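Everything below concerns the one structure shown next.
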Amino acid sequence: VKEIGRNSYLFFSKDMQIRTSRALKIDSALREALQKQQLYLHYQPQVNIEHQKLIGVEALLRWEHPELGMISPAEFIPQAEANGLIIPIGEWVLKTALNQLRQWIDDGYEPIVMAINLSTAQFRHENLNNMVSQVLHEVQLPPEYLELELTESMAMTDPEKVIGVLDKLHAQGVRIAIDDFGTGYSSLSYLKKFNIDKLKIDQSFVRDIATDAGDRAIVTTIIQMATILGFNTIAEGVETSSQLDFLRENGCHEYQGYKFSKPIPPDTLAEKYLQKNSG
Ligand code: C2E
Ligand code: CA
Ligand code: CA
Ligand code: CA
């Protein structure tokens, strides 16, 4: 520690201080974010690769703070997990996204699937199943319009318990997708026992598909395995035509990424991508 020297020590401690004070600021600001209506959702299309048809959208949380500006969910979600605010925030996301879908249907658009991210704390919360069924009932939507995304690492932590949680959610008809797939060391024997519909191939494998033979092997293996187990596949973070071509040639069902669209506000999404009901 002595060798570090006085200056670098001071630098280090100052850096720590800045980080801690930002974390503290975000923590207290987050407590008011919901009431002050600073949170909102953007929606990113999920598209069938073969027909380029919109299947659904993923709801992604956005936070604009009057002084701190835009704060990424990658920064504030972990903090909301730590201080427990993720429970009310997660419930707000579910309600807001499903109300949006209800609104689109009432406006005469063809229904699509609404994909929602679940946090670890939400997934472990004993009231999850009730909360979901209550919200679906409130908005009067059939459960198959809702898809819950949980990450592979969440699924593989205490998988015996996860089997039970997924069975209950599935029993009410809700769809389940495993997010960030390929990053979380899945046990194949558990994967087989999980009541899930879809594997979401992590964007880290999609990024270098054109140049990295290892990533290509991982992606084709995931697609083949999913096909054998009867799951759908969706690739995330698709930005280029060559990535899309590779995925199509290898039998991936759906994709999501800047190539088709960034996450966008609900009105833009409806205008650009939703189909009006013909009947
Ligand atoms: P995620 O669920 O893996 O979401 C995908 C992220 O990739 C999103 O970042 C999305 O905007 C971004 N993305 C989409 N297409 C592309 C692309 O073509 N290229 C690149 N480079 N990125 C792309 P975002 O919106 O910043 O969200 C980050 C993470 O925050 C999410 O990762 C998710 O873990 C979490 N998150 C976002 N909204 C919620 C929420 O409502 N609840 C929970 N629990 N977590 C959320
Ligand atoms: Ca996700
Ligand atoms: Ca993901
Ligand atoms: Ca790589």
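Tell me whether segment 13-97 comes out rounded, prolate or oblate; compute the Cα gyration tensor, take square roots of the eigenvalues as a ≥ b ≥ c, and use a/c under 1.5 as the rounded threshold. In terms of gyration-tensor shape, prolate.
What you get for the chain, charging only the Cβ of Lys and Arg (+1) and of Asp and Glu (-1), is a dipole of about 500 debye around the Cα centre. Residues in segment 147-161 carry Karplus couplings, in order, of 10, 9, 9, 10, 6, 4, 5, 4, 5, 8, 8, 6, x, 4, 5 Hz; the curve used is 6.51 cos²θ - 1.76 cosθ + 1.60 with θ = phi - 60°, and Gly or Pro positions show x. Taking Cα centre as origin and charging only the Cβ of basic (Lys, Arg, +1) and acidic (Asp, Glu, -1) residues, the dipole magnitude of segment 191-238 rounds to 260 debye. Projecting the Cα atoms of Leu60, Val165, Phe76 onto the charge dipole of segment 44-191 (Cβ charges, centred on the Cα centre) puts Val165 farthest toward the positive pole. Restricting the trypsin sites (Lys or Arg not before Pro) of segment 187-228 to loop positions (DSSP other than H, G, I, E, B) with no more than 11 neighbouring Cβ atoms within 10 Å leaves nothing. Highest mean packing first, where packing is the average number of other Cβ atoms within 10 Å per residue, the peptides 169-176, 157-164 line up as 169-176, 157-164.
Taking a ≥ b ≥ c as the square roots of the eigenvalues of the alpha carbon gyration tensor, segment 169-241 is prolate, as a/c is not under 1.5 and a/b beats b/c. Rolling a 1.4 angstrom probe over the protein heavy atoms with all chains in place gives the chain an accessible area of 52 Å² per residue. The portion of the accessible surface of segment 106-174 made up by carbon and sulfur, rounded to a whole percent, is 48 (1.4 Å probe; DNA, RNA and ligands excluded). Close amide H pairs (under 5 Å, H built 1.01 Å from N) link Ile264 with Tyr43, Gln44, residues at least 5 positions away or on another chain.
Divide the volume of the convex hull of the Cα atoms of segment 53-144 by its number of residues and quote the answer in cubic angstrom per residue. Walk me through the numbers on the way to the answer.
Working: hull volume 11.4 nm³, N = 92.
Given the Cα convex hull of segment 53-144, per-residue volume reads 124 Å³.
Estimated at 0.36 nm per residue, the fully extended path between Asn48 and Asn127 surpasses their Cα-Cα distance by 25.1 nm. Taking amide H atoms as placed 1.01 Å from N in the peptide plane, the amide H of His125 has no partner under 5 Å among residues 5 or more positions away or on other chains. In order along segment 221-233, the Karplus-derived 3J(HN,Hα) couplings, from 6.51 cos²θ - 1.76 cosθ + 1.60 at θ = phi - 60°, round to 5, 4, 5, 5, 5, 4, 4, 4, 7, x, 9, 6, 10 Hz, and Gly and Pro are given as x. Sequence-ordered 3J(HN,Hα) estimates for segment 21-35 from the Karplus curve with 6.51, -1.76 and 1.60 and θ = phi - 60° stand at 6, 5, 4, 5, 4, 4, 4, 6, 5, 5, 4, 9, 4, 5, 4 Hz, glycine and proline given as x. Under conditions of 4 °C and 1.567 mPa s, the chain yields 64 µm² s⁻¹ as its translational diffusion coefficient, taking Rh as the Kirkwood radius over Cα pairs in the Stokes-Einstein equation. Leu229 contributes an accessible area of around 50 Å² to the protein surface, as traced by a 1.4 Å probe with all chains present.
Amide H to amide H, with H built 1.01 Å from N, Glu239 comes under 5 Å of Lys259, counting only residues 5 or more places away or on other chains.
The values are calculated or read from the model by the stated rules, or taken from the named source; none is laboratory data. None of these values were measured; they are calculated from a predicted model. Quick reminder, even Gly has a Cβ in these numbers, built from the backbone with ideal geometry, and neighbours come from all protein chains shown. These area figures cover heavy atoms from the full protein model, side chains too; ligands, DNA and RNA do not enter into them. Shrake-Rupley method; radii C 1.70, N 1.55, O 1.52, S 1.80 Å.
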